[in-house]
Amino acid sequence: TERRNRTEGPSQFRFRMSVQNPLRLLNLAGKSLLTYEALAISALEYLPIELFPPLFMEAFCGRHRKALKALVQAWPFVRLPLGGLMQTPHLVTLQAVLDGLDVLLTQKDRPR
């Protein structure tokens with residue numbers, strides 16, 4: 001069994017690495033994109049929808065209020081789960097989310 005554990009260890013490690021690396025790369029890409037907030041906002045219409053949730057969280061945690069407001073306005077999903085964000089003390093950042101929702105609700109033609 002000791003030999004078996006040795007052979008299983010690296011394969012399990014490789015599997016975990018392959019699952020974790022895309023998430024890390026995605027987070028790094030989101031941080032990089034958000035360093036140029038105007039670029040991030042202009043790129044929203046070209047982003048795949050899979051990138052919206054991690055980019056939203058990155059913008060929220062990094063307190064990128066303009067990008068956050070634009071992300072909410074361009075949100076491609078039916079629901080925007082805000083429950084977990086309500087427990088954070090970033091009131092100004094949360095206000096940006098609410099401002100984005102306000103703009104979204106007043107639009108007649110919704111994006112995407």
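Residue count for the range 35-57 under the criterion of being of a type in the set (Asp, Glu) and either surrounded by fewer than 14 Cβ atoms within 10 Å (Cβ to Cβ) or touching a Leu at 6+ places or on another chain (Cβ under 7 Å) (or both): the result is 2. Scanning the range 43-78 for residues that are of a type in the set (Asp, Glu) and over 12 Å from the mean Cα position of the chain (by Cα) yields a count of 1.
Return the residues of the range 75-103 that are surrounded by fewer than 18 Cβ atoms within 10 Å (Cβ to Cβ), among the hydrophobic types (A, V, I, L, M, F, W, C) and outside any helix (DSSP H, G or I); say none if nothing qualifies. The answer is Phe77, Val78, Leu80, Leu82.
Read-outs throughout are calculated quantities, based only on the coordinates presented, and are distinct from any laboratory measurement. Predicted model, so just to flag it, every value in this text is computed and none were measured. Positions of Cβ are generated from backbone atoms using ideal geometry, with glycine treated the same way; all protein chains shown enter the neighbour counts.
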